[in-house]
1. Ordering B:104, B:415 by how much accessible area each has at a 1.4 Å probe, largest first, what is the list?
2. Round to the nearest 10 and report in Å² the accessible area of residue B:384, as given by a 1.4 Å probe over the protein chains' heavy atoms.
3. Per residue, what accessible area does segment B:345-435 have, given a 1.4 Å probe and all protein chains present, in Å²?
4. Please report the carbon-and-sulfur percent of the accessible area for segment B:382-435; probe 1.4 Å, protein heavy atoms only, DNA, RNA and ligands left out.
5. Give me the net charge of residue B:317's neighbourhood, meaning all other residues with Cβ under 11 Å from the Cβ of residue B:317; Lys, Arg count +1, Asp, Glu -1.
6. With a 1.4 Å probe and every protein chain left in place, tell me how much accessible area residue A:42 has, in Å² to the nearest 10.
7. How many square angstrom of accessible surface are buried between B and A, both sides summed, with a 1.4 Å probe and rounding to 100?
8. Any chance you could check segment B:321-349 for residues losing 50 Å² or more of accessible area when the partner protein chains are in, compared with the chain on its own (1.4 Å probe)?
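The values are calculated or read from the model by the stated rules, or taken from the named source; none is laboratory data. What you see is a predicted model, and the numbers here were worked out from it, not measured in a lab. Cβ: placed from backbone, ideal geometry, glycine included. Neighbour counts: every protein chain shown. In case anyone asks, the SASA skips ligands and DNA or RNA and just uses the protein heavy atoms, side chains included. Shrake-Rupley method; radii C 1.70, N 1.55, O 1.52, S 1.80 Å.
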Amino acid sequence: MDPITLCVNDKNVCQALSPQNQSWKDSLSESPTYRQSIGKSMFPTNIKYIFDGEEICNKEDDAENVIILEMSEGGQVESVEMISDDFELLRFKNNGENPLLDTTVQGNKLNIDLELDVVSKFRELSEITADLSLEELVNVYKIQNEQLRSIYNSIMK
Amino acid sequence: MLGRGSPGTVAGDAGTVLDARKGDAGGVPRAVQGGIPAHPEFAVQLAGLEGQMGVLSVPRGWGWSAGGLPGAVCAQGWHRGEVDQGSVECWCFGVRLVSDLQRWQDKIDREVELLDSVRNELSSPDGTRDSAVLGDYISRENLDLLRGRLEEIPTVETHIANITNQYRVMVRKLEEKLLQGKVRSLSKCFDRDLGIENEQVALLMTEYHAKLLLLEEELVELLQSLTDHFDKCKLLLQLSASGTESDSGRKSTDYLELLEVVQTDDSQLGAITRALCDTIDDIDAHLLQFQKLLDTKTGQLDKSLFAVQEVILQFEKNVEYLTIFQDIGQLITNFKELCGQDIQLVQGLVDFFGKYRDSYDRLLQEAQRRRQLSTRMQATISECLDELQTLQDDDFTKRTKFLEQNGNYLPENIWPDQIDDFSPLFTLEYTIKKV
């Protein structure tokens, strides 16, 4: 079994604005906290693990995205970095039980349930925003600005 | 669209609008200070919001051609978009609202004029006092409501033209200065200085990197040979020590072979040390070069990041502007709603006044009916009175005759107070209201 369960949410506003995603579009007029909880979720399956110190042996390996996890001795995820041509990481959350805190977990087996909020490349919006109200449009820009700010801050860290 | 067919067409020249504002303290346009009788607070609020947009002052001579509206605010955002009718609706009062206001103001004016022209026949039927008109009995409070709104509209439209301008300036600035300017040049600079195509970046990533790796290997090799030499010398020393102990004078072949190797190596020691020093110098020089180039690139990166920061700040500022536009839009929507409510109120009044006139007509009929009834009642009473009088006269004659024939023979107290009483049997009191 894979030691890591991975869920990636694309928070790009385009996902919200695509015609088949009415509920997310409705959320544009909702509060920012509610907005944060939604996105297009993906569950990457073809995961290859490379551990610290290991040489990347297979040169032909064409990994699409690289996720770097920094873990504490106790198995907690301390930081996440992402190297990708298509996505930028906004924030991460580990939903797994912490084996050190939770004694009911058998042994000291790692249980990492990682949720990544990412954003795909910004796209031209004029087509899909044509029938938005001013309020919704302002919210679209607010979301994008928050994302830009977040990416910028993570670069500057 | 805006202002067409409405009083006081919107100023086509942005300069005039802004000049008016510049001339006043506190950023309140003259038109507002001039005072609007009905609802000045709206314009003041609007002006306040416009004040926040002050940064976006319109360059002189940059005119706004009538016909366009900030539909793009609703529709396109950064993108310069086509004005679509739906969003225009929410910004512009439109000809309809103005004509509705006008129509209902006219209607109520006509209605009041009618009421003022009808004399109240019931107020002074004999015409002795100054007779009142129907209009005297209504409250004059809300009759000029819509006129007030209509007077306010040119000011509001001026404000709308003003913010429309500001919006256009914002979009233009965004498009030209930020997107075509800053963002494009930032992206160009980044590609040029830090992109993978950049020669220096390629130098850092490949050539310098490879060179340093090579030098590292060289260094390792030299150090390796030095430590090897050291190990051999140590071994030689051991062999020499053990040789002297076991069989003195006779050197083992191992010892002799090693000695030869060590002697050859030793002769090269100077050259190797020199090579080592050279390599170290080489590495130092390369590292310095590498560091210098890296510093340049880091500097360029910092500059780019600073520019990115600025662009993000600009984006955030523009969203703030948009929220101000949103507030203004809300104000205008509220104003429209208020106008709608006022129209409804006036519609109610017009309806009421019409019914008032109808009911007044029916009141006159009712008064007439009551008058006729009163007359009929009077006639009935007169008839009745005549008949009673006839009976009374007859009664009087009969009493007189009775007393003449029998009065002398009847004791007075046999029917006290009645025998010689000549008062009439009936009394009739009546009132009939004069209508």
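1. Highest to lowest solvent-accessible surface, that is B:415, B:104.
2. 60
3. Details: 7600 Å² over 91 residues.
It amounts to 83 Å² per residue over segment B:345-435.
4. Heavy-atom surface of segment B:382-435 belonging to carbon and sulfur, 1.4 Å probe: 53 percent.
5. Neighbourhood net charge equals -2.
6. The accessible area comes out at roughly 50 Å².
7. Buried area between the two chains comes out at roughly 1700 Å².
8. B:326
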